[in-house]
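Step one of this worksheet: look at the structure below.
The values are calculated or read from the model by the stated rules, or taken from the named source; none is laboratory data. A quick note: this is a predicted structure, and the numbers were derived from the prediction, not measured. We place every Cβ from the backbone using ideal geometry, glycine too, and count neighbours over all the protein chains shown.
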Amino acid sequence: MIKFDNDVFYVNTKNLSYVFSVKENGFLKHLYFGKSIPYENDVAKLSNTYLRIWAVSYDDKLSETFDTCEFPCDGVGDFRPSSAQLINDKNEEACAFLFDGYEIKKGIVKPDALPSPRDDENTQTLIVKLKDYYSNATLNLYYAVYYENDVILRRSEIINGGENAIFVKKLLSANIDFRETDFELLYLHGRNANEKHLKRQEVTSSLTVLDSKNGISSHNLSPFYILCDKNANEFTGRSYGMQLMYSGNFIAEILDDGVGNTRANIGLNDYKFNYSLKYKEKLESPWAVITCSLSGFNGVSKNFNDFTGKYVLPLSYSNEKRPVVVNTWDSCVFDVDEEKCIKIIDKAKEIGADLFVIDDGWFGRRDWSEEDGLGDWVENKEKFPNGLEYISNYAKKSGLKFGLWVEPEMVNPKSDLFHSHPEWTLCYHKKPIFISRHQYVLDFSNPAVVEYMTRVMCDLIERLGLDYIKYDMNRQICEYVSLATENGKIAYLHMVGVYKMLDTITKKYPQLLIENCSSGGGRYDLGMCAYSPQTWISDNTNPFERTRIAYYSSMMLPISTASCHTVGKERCPNCDYEFIFDCAKTRPFGVENDLLKATAEELAILKKQIEEYKKVYADVIFYDFYRLQFSNEEVAYNLVSKDKKKAILMVSKLLDNSNPPYKNVKLYGLCEEYVYKCNLGDFYGSTLMNVGIPIVDLSKAGKSVEIIFTAKS
Ligand code: DGJ
């Protein structure tokens, strides 16, 4: 899988080759990434960067002006985005990392403080060691290879080997310089409660930056993109995918450099970043996950999603059916109390749900709004006079699991925690200034805060026998200043602190189901997926919009991570219960309907839907998900079981369309030779994929056609 021969590194997966070399001057040169080529192929001879005679290049041996670089350095004549920027011990801003050896190890070499995938006996890691020409800093580049999944992971690590401090001003995880241009770029953008719109654009000589600077990863742009050939689509065409296993500030830069190369990278955002390293200290970047497929965007997603399902999602839940959740937020907002909870538990039992969750509003002096209480994680005795043990016991006696909403990184100015520890918040001039949603951000770069909050969370989990927590994070970070940590380190160390707490909790309580939230979809990324098998992907529960959000989320993460719930008709007056169910049922499922107000008819419908979910759909969240078509009017997707014996086609109408055209929807990902039985008859997989299923009578928004296929044995 990994070979070093004649100064060339070959990193191979089942269908891909990744090749780079050591140049005479010691820099690493990227040579190739794409469909497999044999080891023997002498790629090095085919990639010649000759000295350009124009005034724009340097002829010094260190010049990297227009080469294809494996780890672009700074101050070496390369004015494209670099992968690292250092201020060295002589206060000079430059770095030139030159080859100094390599190692190949079995398994994955995990970062110390950031999330990492698991490995197995086939995983290998290449570590390339480099030394800075200008200082005593060293750089380690890690390449972890998941052969069967066609996935390569990259990360980097800078260590200060000199006695004086250095400052890291930028550190990326992966860079690929393609010796070609004319790519197109696909990425996901949006905003809070309206996430995941797909954008496709040409890669040009004007630098494209995808990033987040607000302490979370993904309401606006996601730490993910696809680079593809112009003719690529969901099913065919060469497509490269990159995503970052990180939940804080990221950056990705994509550029056609004008002389025949395309640079594409991803890593830590350099916004308010200036990371000092004393002697022997190190800074590590998160893992970047990279793949390539010749089967278009669905191919990229399949590689990503198979990998994430197998190696990233917490083991206890990666293949485990998820409980049907009943959550109080949509019905009660902050106005939860003992009486209401008992009534909701009774109704949840009646409709056959598995887990009862008290959302926001149960703690501290949290009244009927968001102004009080965050930070004081004890139940509000006025609302719960018998304590939450009583509710927990009542739920469990009723045959339900019990869960709570928490927001550990936040504090209200009106809380006891803030009064006893004002110094624990991120702040300017020694006090927090920017308030959002009446809350400040606790300083998770301070180990004392992490330790305290971890203890509080563990006590809560144990005292109440929690089966589930909804881990929320409802505001952006603005003040990257701390009373405990040096400036320039806060954004990164805050994330490290959050991961540390999640790591302790998940190791101590492996059966605890953590639902990642962050205002719905604010941190929907691979980093959080390492601790949380499912995410509340948006606060938008309108079935039409939720369908789009879930559809495009599947580009980067498996559908088993994307929770979708049924909602009451008030959220979508113009669609029926069946459509609301159709939009949610192939994902981790739950109920947001107001069970206190639900009529007998609504309760009966929910009961039937939950029965159907458990019988037919609970397993479907582990199927492969293929995007077939998305337009303003209509969405079509199909799901296929791993053994290809079962499949579901879903076509949903999003806009009214009178007199719709004839339409056959072609399925994808079936076994060509299998004969599939469905309500229209028996058909070969190849027929279903090439001829397609005629969709008739679908002109009204809020209606779906669903067809279930079973292979005949
Ligand atoms: C944002 C979440 O997305 C909602 O579901 C809810 O939990 C609120 N926070 C509570 O404040």
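Please work out which residue is nearest to the ligand (Cβ to nearest atom), limiting yourself to segment 340-382 and to residues that are part of a helix (DSSP H, G or I) and either surrounded by fewer than 20 Cβ atoms within 10 Å (Cβ to Cβ) or not hydrophobic (A, V, I, L, M, F, W, C) (or both). So the residue we want is Lys340. The one condition from (1) away from the ligand (no atom under 16 Å from the Cβ); (2) modelled with pLDDT of 95 or more; (3) farther than 20 Å from Asp306 by Cα that Thr566 does not meet is (1). Looking only at segment 389-444, filter to residues that are closer than 27 Å to Leu512 by Cα and among the basic types (Lys, Arg); which one of those is surrounded by the most Cβ atoms within 10 Å (Cβ to Cβ)? Filtering first and then ranking leaves Lys401.
Tell me, which residue of segment 632-642 that is within 16 Å of Gly702 (Cβ to Cβ) and either part of a strand (DSSP E or B) or not charged (D, E, K, R) (or both) is modelled with the lowest pLDDT? Of everything passing the filter in segment 632-642, Asn632 is modelled with the lowest pLDDT.
Identify the residue in segment 573-586 that is of a type outside the set (S, T, N, Q) and within 28 Å of the chain's Cα centre (by Cα) and, among all such residues, is surrounded by the most Cβ atoms within 10 Å (Cβ to Cβ). Looking at the filtered set, the residue picked out is Cys583. For the residues Ile342, Ile351, the requirement of being within 19 Å of Gly387 (Cα to Cα) and β-branched (Val, Ile, Thr) singles out Ile342. Here Phe304 meets each of (1) out of contact with any helix residue (DSSP H, G or I) (no Cβ under 7 Å at 6 or more places or on another chain); (2) closer than 30 Å to Leu185 by Cβ; (3) surrounded by fewer than 21 Cβ atoms within 10 Å (Cβ to Cβ) with one exception, condition (3).
Residues that are among the charged types (D, E, K, R) and buried (at least 22 other Cβ atoms within 10 Å of the Cβ) were ranked within segment 103-151; the one that is farthest from the chain's Cα centre (by Cα) is Asp132. For segment 36-44, does any single residue satisfy the condition of being at pLDDT below 95 and under 16 Å from Phe99 (Cβ atoms)? Yes - at least one qualifying residue is present in segment 36-44. Say whether the condition of being assigned to a strand (DSSP E or B), in contact with a Ser or Thr (Cβ under 6 Å, 6 or more places away or on another chain) and touching a residue at least 24 places away in the same chain (Cβ under 8 Å) is met by at least one residue in segment 82-98. No; the residues of segment 82-98 include none that is assigned to a strand (DSSP E or B), in contact with a Ser or Thr (Cβ under 6 Å, 6 or more places away or on another chain) and touching a residue at least 24 places away in the same chain (Cβ under 8 Å). All but one of (1) in contact (Cβ under 8 Å) with a residue 40 or more places away in the chain; (2) assigned to a loop (DSSP other than H, G, I, E, B) hold for Phe20, so report the exception by its number. Going through the list (1) in contact (Cβ under 8 Å) with a residue 40 or more places away in the chain; (2) assigned to a loop (DSSP other than H, G, I, E, B), Phe20 breaks only (2). Counting only residues that are over 17 Å from Ala604 (Cα atoms), in contact with a helix residue (DSSP H, G or I) (Cβ under 9 Å, 6 or more places away or on another chain) and touching a residue at least 40 places away in the same chain (Cβ under 8 Å), how many does segment 551-571 have? Within segment 551-571, residues that are over 17 Å from Ala604 (Cα atoms), in contact with a helix residue (DSSP H, G or I) (Cβ under 9 Å, 6 or more places away or on another chain) and touching a residue at least 40 places away in the same chain (Cβ under 8 Å) number 11.
Within the span defined as segment 587-599, one or more residues are within 27 Å of Gly296 (Cβ to Cβ) and either modelled with pLDDT under 95 or buried (at least 23 other Cβ atoms within 10 Å of the Cβ) (or both). Residue count for segment 477-500 satisfying the condition of being farther than 27 Å from Gly590 by Cα and within 21 Å of the chain's Cα centre (by Cα): 9.
Taking Glu284 as the residue in question, decide whether it is farther than 30 Å from Arg200 by Cβ, in contact with a strand residue (DSSP E or B) (Cβ under 9 Å, 6 or more places away or on another chain) and at pLDDT 95 or above.
In short, yes.
Here Phe71 does not fit the description of being crowded, with 18+ Cβ neighbours inside 10 Å, at pLDDT below 95 and assigned to a loop (DSSP other than H, G, I, E, B).
Table: residues versus (1) in contact (Cβ under 8 Å) with a residue 60 or more places away in the chain; (2) touching a Gly at 6+ places or on another chain (Cβ under 6 Å); (3) within 24 Å of Ser217 (Cα to Cα).
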residue: Met242; (1), (2), (3): yes, no, yes
residue: Gly258; (1), (2), (3): no, no, no
residue: Asp270; (1), (2), (3): yes, no, yes
residue: Lys278; (1), (2), (3): yes, no, no
residue: Phe307; (1), (2), (3): yes, no, yes
residue: Lys310; (1), (2), (3): yes, no, yes
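Kindly indicate whether any position in segment 699-706 is more than 21 Å from Cys575 (Cβ to Cβ) and touching a residue at least 12 places away in the same chain (Cβ under 8 Å). No, there is no match, as no residue in segment 699-706 is more than 21 Å from Cys575 (Cβ to Cβ) and touching a residue at least 12 places away in the same chain (Cβ under 8 Å). A count restricted to segment 358-397 and to residues that are of a type in the set (S, T, N, Q), touching a residue at least 12 places away in the same chain (Cβ under 8 Å) and closer than 15 Å to Leu466 by Cα stands at 1.
Taken over segment 416-438, the criterion of being under 29 Å from Gly590 (Cβ atoms) and either free of Cβ contacts under 8 Å to residues at least 60 places away in the same chain or not in a loop (DSSP other than H, G, I, E, B) (or both) is satisfied by Ser436 alone. For segment 87-110, a residue qualifies if it is under 22 Å from Met1 (Cα atoms) and not acidic (Asp, Glu), and the qualifying residues are Phe99, Gly101, Tyr102, Ile104, Lys105, Lys106, Gly107, Ile108, Val109, Lys110. Only a single criterion out of (1) small (Gly, Ala, Ser); (2) within 16 Å of the ligand (Cβ to nearest atom); (3) assigned to a loop (DSSP other than H, G, I, E, B) is not satisfied by Ala550, namely (3). Tell me yes or no: at least one residue of segment 47-60 is buried (at least 20 other Cβ atoms within 10 Å of the Cβ), of a type in the set (Asp, Glu) and in a loop (DSSP other than H, G, I, E, B). No; the residues of segment 47-60 include none that is buried (at least 20 other Cβ atoms within 10 Å of the Cβ), of a type in the set (Asp, Glu) and in a loop (DSSP other than H, G, I, E, B).
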